[in-house]
Amino acid sequence: MAEAARARAESARDGRGPASARAGGDLVFSAIAFVLALLPRLYVAIAWAREPVWDGHYYDFGARRIAAGLGYSDDLIVGGQPVWHPWCHYPVGYSGFLGLVYRLFGAGPHVATVANAVTGALLVVVVHRLARYATTSARARVAALLAALSPGLIVYAALLMTEPLAALGLVTAPWLLARDAARGRVIRGAVLAGVALGLTALVRPQSLLCAPALALLSWRGPGGVAGGASAAWRRGALAAAISAATALAVVAPWTIRNCRVMDGCALVSTNGGWNLAIGAFPRATGRFETLRAGDGCPIARGQVAQDRCWMAEGLKWIKDDPVRWLALIPRKLSFTFDHESFPIGYLGEANPAAWPEERRAAGRRVLTTSHLGLLSVAALGVVALPRLRPWRALAAQLLALAAVLGLVAWGVLGDEHAFWPLAVAIPVIAALPLPGRPANGGVVGYLAFAVASVALTHAVFFGEDRYHMVVTPALCVLAACALRRAAPAAGRADAR
């Protein structure tokens, strides 16, 4: 009881506690943010959406099959008769989500995109609730506004693509754990976070990479760091282990299904080998290129066997010429972080008449400029506002600030306009034990880790700008945390 009272008192002081008057105001703001985010997304979802194209076509087709009770599948014609044929090439999560929506509301022309709009608005609410555990109430509201008004996230409501739903899971998991850890319910929070992360893995399997970072959210007890550093590490490790185990338990029924109906076992999907090959084969450019049978796997077999074949080929190409593969990493990261054009390309493909080249170019400029601006400010989220004393802290934070500003200048003035080094700098600076740094553990540490997971994934496989969309909400929170005060002392809550 005394520990809980201390937690409530600390929460009331910084405005994060559910019992504080400020928390009541934050609930009202969350509701306002939901409406503010929903309105433009609904407009885009209804006015701009057309027939799904590119990967969206397959997600929609899979959803309709699921809604019809046919599972994640298609029909093959064998001997003139349709034969049920199971899928797992693409992750099932987004199609499963849309399949549930179709089952409840029908598969009308705007049902899926309206569901996307609601998902995007919920994403903004969770960004706000999570940011309250990273910074002040005012800064948390800024984070929500950045997410609500993000041009890329708004336009994405018209696309039948996985990124907003995956992003929702990536911020929901840490919010659930941070909320319960602040109340002294670390185990419950870890389980709930694991459920959220497991569902997210069914949408985007590499989301499981963020499980270890959940330890950062439970490092502190409700009254601060209790029991010393060793107890804190044990508490964090236990929470991360419980979350990871729960996530795998959520995924397990789908894995068992794949083992039962496919030509082999697959954790979630069978595109990992394909993606590795695309990033490593002799024609690799650093972005998506179509694999052909002549590239290495000419025999048509089951999806699992094909993926394993491409995995083996990809590893062979990397082993045969590791220097070439490593040299592609900057290009892959550039394709991932240096622009934001996929949403406009998708809309132009779906409705060419409404999107002539001039309008497409203008749309790409708006989305890219807003994304690069957000990424630049987000990099300051792990740098403290320099203070005159002590001098070592001043020097360290001035160096960190100079590094970030130098990378921004390089991106603006350089011939290649490369901003991707900022995405690498965020987790690196967050991890460095620089004197005078802000509190870069907890929520901020998790979000920096999430950015690192995207950079690492697409350095290994291949890059496309749509892949950074899953961490756009994380960038919104980091941007709202830009140039915080230095952490006052070890063992205390994040500096505001």
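Hey, any hits in region 344-365 for a residue that's open to solvent by 20 Å² or more (accessible area, probe 1.4 Å), closer than 23 Å to LEU478 by Cβ, under 26 Å from the mean Cα position of the chain (by Cα) and among the hydrophobic types (A, V, I, L, M, F, W, C)? Taking every residue of region 344-365 in turn, none turns out to be open to solvent by 20 Å² or more (accessible area, probe 1.4 Å), closer than 23 Å to LEU478 by Cβ, under 26 Å from the mean Cα position of the chain (by Cα) and among the hydrophobic types (A, V, I, L, M, F, W, C). Restricting ALA196, ALA134, ALA182 to those that are at pLDDT below 95 and either of a type outside the set (Val, Ile, Thr) or within 30 Å of GLU349 (Cβ to Cβ) (or both) reduces the list to ALA182.
Among residues belonging to region 1-56 that are of a type in the set (Ser, Thr, Tyr) and at pLDDT below 95, point out the one that is nearest to ARG132 (Cα to Cα). Applying the filter and picking the extreme gives SER11.
Within region 407-417, does at least one residue satisfy the condition of being part of a helix (DSSP H, G or I), open to solvent by less than 70 Å² (accessible area, probe 1.4 Å) and over 22 Å from ALA459 (Cβ atoms)?
Taking region 407-417 first, the residues part of a helix (DSSP H, G or I) are 407-413.
Now restrict to residues that are open to solvent by less than 70 Å² (accessible area, probe 1.4 Å): 407-409, 411.
Checking which are over 22 Å from ALA459 (Cβ atoms) leaves us with 409.
For region 407-417, residues part of a helix (DSSP H, G or I), open to solvent by less than 70 Å² (accessible area, probe 1.4 Å) and over 22 Å from ALA459 (Cβ atoms): present.
Within region 479-496, the residues that satisfy the criterion of being at pLDDT 50 or above, part of a loop (DSSP other than H, G, I, E, B) and not charged (D, E, K, R) are CYS481, ALA482, LEU483, ALA486, ALA487, PRO488, ALA489.
Can you pull out every residue in region 285-321 that is part of a loop (DSSP other than H, G, I, E, B) and open to solvent by less than 10 Å² (accessible area, probe 1.4 Å)? Residue satisfying the conditions is GLY286 alone. Selection of region 257-267 for residues being more than 18 Å from VAL195 (Cβ to Cβ), open to solvent by 70 Å² or more (accessible area, probe 1.4 Å) and either among the aliphatic types (A, V, I, L, M) or part of a helix (DSSP H, G or I) (or both) yields only ARG260. If the condition is being under 15 Å from LEU276 (Cα atoms) and basic (Lys, Arg), then region 298-320 contributes ARG308, LYS316, LYS319. When the criteria are applied in full, ALA117 fails the requirement of being assigned to a helix (DSSP H, G or I) and modelled with pLDDT under 95.
When TRP87, TRP48 are screened for being in contact (Cβ under 8 Å) with a residue 60 or more places away in the chain, farther than 25 Å from LEU197 by Cα and open to solvent by 20 Å² or more (accessible area, probe 1.4 Å), only TRP48 passes. Here's a check for you: in region 379-406, which residue that is open to solvent by 40 Å² or more (accessible area, probe 1.4 Å), of a type in the set (A, V, I, L, M) and not in a helix (DSSP H, G or I) is modelled with the lowest pLDDT? Filtering region 379-406 for residues that are open to solvent by 40 Å² or more (accessible area, probe 1.4 Å), of a type in the set (A, V, I, L, M) and not in a helix (DSSP H, G or I), the one modelled with the lowest pLDDT comes out as LEU388.
Checking region 230-251 against the condition returns no match, with no residue being β-branched (Val, Ile, Thr), open to solvent by 10 Å² or more (accessible area, probe 1.4 Å) and in contact with a Pro (Cβ under 6 Å, 6 or more places away or on another chain). Among the residues of region 439-450, is there at least one that is without any contact (Cβ under 8 Å) to a residue 60 or more places away in the chain, under 30 Å from LEU388 (Cα atoms) and not acidic (Asp, Glu)? Looking for residues that are without any contact (Cβ under 8 Å) to a residue 60 or more places away in the chain, under 30 Å from LEU388 (Cα atoms) and not acidic (Asp, Glu), one finds at least one in region 439-450, hence yes. Among the conditions (1) farther than 19 Å from ALA450 by Cβ; (2) part of a helix (DSSP H, G or I); (3) open to solvent by less than 40 Å² (accessible area, probe 1.4 Å), the only one that LEU197 does not satisfy is (1).
Of the residues screened, ARG129 is not one that is touching a His at 6+ places or on another chain (Cβ under 8 Å), open to solvent by 20 Å² or more (accessible area, probe 1.4 Å) and touching a residue at least 60 places away in the same chain (Cβ under 8 Å).
For beta carbons closer than 7 Å, sequence separation of 6+ or different chains, a first residue in region 339-350 that is without any contact (Cβ under 8 Å) to a residue 24 or more places away in the chain and a second that is in a loop (DSSP other than H, G, I, E, B), the qualifying pairs are GLY348/TRP355.
The values are calculated or read from the model by the stated rules, or taken from the named source; none is laboratory data. Note that this is a predicted model, so its numbers are computed, not measured. Cβ atoms come from the backbone with ideal geometry, glycine included; neighbour counts cover every protein chain shown. Surface areas here come from the heavy atoms of the whole protein model, side chains and all, with no ligands, DNA or RNA. Shrake-Rupley method; radii C 1.70, N 1.55, O 1.52, S 1.80 Å.
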